[in-house]
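Chemist: Structure in structure tokens, see below.
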Amino acid sequence: MRKALVALLLFSVASCNSPQTKELKEQHTTVSEEKHAVCTPDTPLAEGKGVKVTLADFRYTWKLLSPQSRNFFAAHPEELLKRMVNRRLVVNYVESTGLAERSGLEKEMEEFKKEWLARYYVSAEAKKRLKPVTNEEIVERFKELFPKKDPSKMSKGDKDFIRHELEVKHFDQAVKSLYDEVTKKLKIERKGDKLVASCCGLEVEAPYNKKREKELQNYLKEKFLTEYFYRQALKAGYDKLPRFKHMYEEYYATRAVELFRKELEKGIKVTDEEAKAFYEKNKERFKMPDRVKAVVFYFKSKERALEAKKMLESGKSWQDVARRLGQFNAKEKFYYRDPKDPIGALVFMNGNPKKGQVFVADFGGKYVTVYVEKFVPGGVLPYKEVKNYVKLVLKRQKLRQAEVEKLRKLWKEKGVKLENLSCLKGSL
């Protein structure tokens, strides 16, 4: 989840060599005159109306980056700063235009806050209740797993594995005890046209529906527990934790970016004429090599692989063979004339395979039986088969350009200036 959030909030950080990177470099940027910057966590690196990025913000975002992104931004730290400004501009735009309110983002964020803090509270309290794993427990579990082995000869690897397993078990038990303490006091009853869950001075309710009563009881139980532990988290001050604040901000920014893009998409259209013209100009992009649609069965013994071959060659369908031999994960898939793909190399070994051909091979002690469904010659895919894909490609291109243009406009409107850039050098 964490990597996904960062990828979104920084506008495609992972694709550092994409065309968008060049567009971002050309984005309107003003750098204020810098004189002997004093670099502290509160030092501003970018400022504008309603927008500010400090050195502490920059360092925090840097810690979240993947190794691939760090390699790029280590050489281009100013680009990372610009993308952080972009994120803040988008958040500001979504809030100031009322888009956040219209989309129900505030309500969604309240639910996110409750669920995150409730889970955090339960986890933190469960850790306080954890009992240390004893050697006696480890020996007992070892005997359960390996009844014929001598516990005194237990390896360090086995001991570490069992200890970890028992620690997880103890933690789950501690979590369960927290929930049990509340649920045993919880009452769920009908009050007029409402179904009400109550305990410990707290009530949650839902409209009563006799046909869905059991479903509603489970719903109210979960809702109550979330609300109860959320309130306990507030009492403990967990909503003041920097970890929570950062997580909340990142999630909010991610959703803001999604709303921003959806808003821009409303004004983007791709006509049939545009799509056809793009296809005609870029036909090589839609060229496919020779390929085979086949089904692969995997076996531990050669005898079973040959049995499958015999059944397939006798005319039985591959679905019937799959059922009889317990190959429930078998499915059709395309394979290409690729020396790096053992299945593709096998079926194309003696030229183009034909429908109904069956191959058996030994892949290092694992046997495969391959049934050929059909051979598909290569060539340029017809327009009707790729029309929707072409439109999707063009829509993405237009969206990317719309993003760049809108962000350039927002930079100018908010008067964003980059400053104290010398502080970036020592921050990575």
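Chemist: For P(r) over Cα pairs in 10 Å bins from 0, in percent, the listed values are (1) 4, 19, 26, 25, 17, 7, 2, 0; (2) 5, 22, 33, 28, 11, 1, 0; (3) 4, 13, 15, 16, 22, 21, 9, 1, 0; which was obtained by calculation from the structure presented?
Modeler: (3)
Chemist: In addition: By accessible area of protein heavy atoms, probe 1.4 Å, what ranking do 76, 164, 170 get, highest first? All intermediate terms of the calculation are to be shown ahead of the outcome.
Modeler: Working: 76 70, 164 115, 170 25 Å².
The ranking, largest first, comes out as 164, 76, 170.
Chemist: Might you work out the accessible area of residue 306 for me, using a 1.4 Å probe with all protein chains in place, and round it to the nearest 10 Å²?
Modeler: Probe radius 1.4 Å; accessible area of residue 306 about 80 Å².
Chemist: Next up: Give the ranking of 411, 62 by solvent-accessible surface, highest area first, calculated with a 1.4 Å probe. It would help to have the intermediate numbers written out before the result.
Modeler: Working: 411 0, 62 35 Å².
Heavy-atom accessible area, descending, gives 62, 411.
Chemist: Still on this model: Straight distance only, please: which lysines reach the Cα of residue 159 with their own Cα at less than 17 Å, same-chain residues fewer than 8 apart left out?
Modeler: Filter leaves 143, 148, 149, 169.
Chemist: OK, next. Dipole size in debye (nearest 20) for the range 114-245 around its Cα centre, Lys and Arg Cβ +1, Asp and Glu Cβ -1?
Modeler: On the way: 33 positive and 23 negative charges, 42 e Å.
Approximately 200 debye in magnitude.
Chemist: Just order 307-317, 85-95 by mean Cβ neighbour count inside 10 Å, highest at the front, would you? Walk me through the intermediate numbers first.
Modeler: Working: 307-317: 15.3, 85-95: 22.3.
So the order, starting with the most tightly packed, is 85-95, 307-317.
Chemist: Also, I was wondering about something else. Distance check, please: which entries in 113/406; 113/223; 113/214; 176/235; 49/235; 276/333 exceed 24 angstrom between their Cα atoms?
Modeler: Values: 113/406 30 Å; 113/223 14 Å; 113/214 27 Å; 176/235 21 Å; 49/235 35 Å; 276/333 29 Å.
Beyond 24 Å between Cα atoms: 113/406; 113/214; 49/235; 276/333.
Chemist: Right, something else. Rounded to the nearest 500, what is the 222 nm mean residue ellipticity of the chain from helices alone, with -39500 (n - 2.57) per DSSP H run of 4+ residues and division by all residues? All intermediate terms of the calculation are to be shown ahead of the outcome.
Modeler: Values: 17 runs with 239 residues, N = 428.
Value at 222 nm, helices only: -18000 deg cm²/dmol.
Chemist: Also: Most mobile of 388, 218, 329 per a Gaussian network model of the chain (Cα springs, under 10 Å)?
Modeler: 329
Chemist: Could you give the distance between the Cα centres of the range 137-209 and the range 47-80, to the whole Å?
Modeler: 41 Å
Chemist: Using +1 on the beta carbon of Lys and Arg, -1 on that of Asp and Glu, and nothing else charged, what's the dipole of the range 290-377 about the Cα centre, debye to 20?
Modeler: Numbers: 18 positive and 10 negative charges, 31 e Å.
In total the dipole reaches around 140 debye.
Chemist: Run down the aspartates and glutamates and flag those whose C-alpha is under 19 Å from the C-alpha of residue 395, throwing out any fewer than 8 positions away in its chain.
Modeler: List returned: 23, 258, 263, 265, 272, 273, 274, 280, 385, 403, 405.
Chemist: Another question, if that's okay. Looking only at 339, 289, 382, which one moves most when the chain is put into a Gaussian network model with springs between Cα atoms under 10 Å?
Modeler: Sorting by GNM fluctuation, first place goes to 339.
The values are calculated or read from the model by the stated rules, or taken from the named source; none is laboratory data. As the structure is a prediction and not an experimental result, all values here were calculated from the model. Every residue, glycine among them, receives a Cβ derived from its backbone with ideal geometry; neighbour counts consider all protein chains shown. Just the protein is used for accessible areas: all its heavy atoms, side chains included, with ligands, DNA and RNA removed. Shrake-Rupley method; radii C 1.70, N 1.55, O 1.52, S 1.80 Å.
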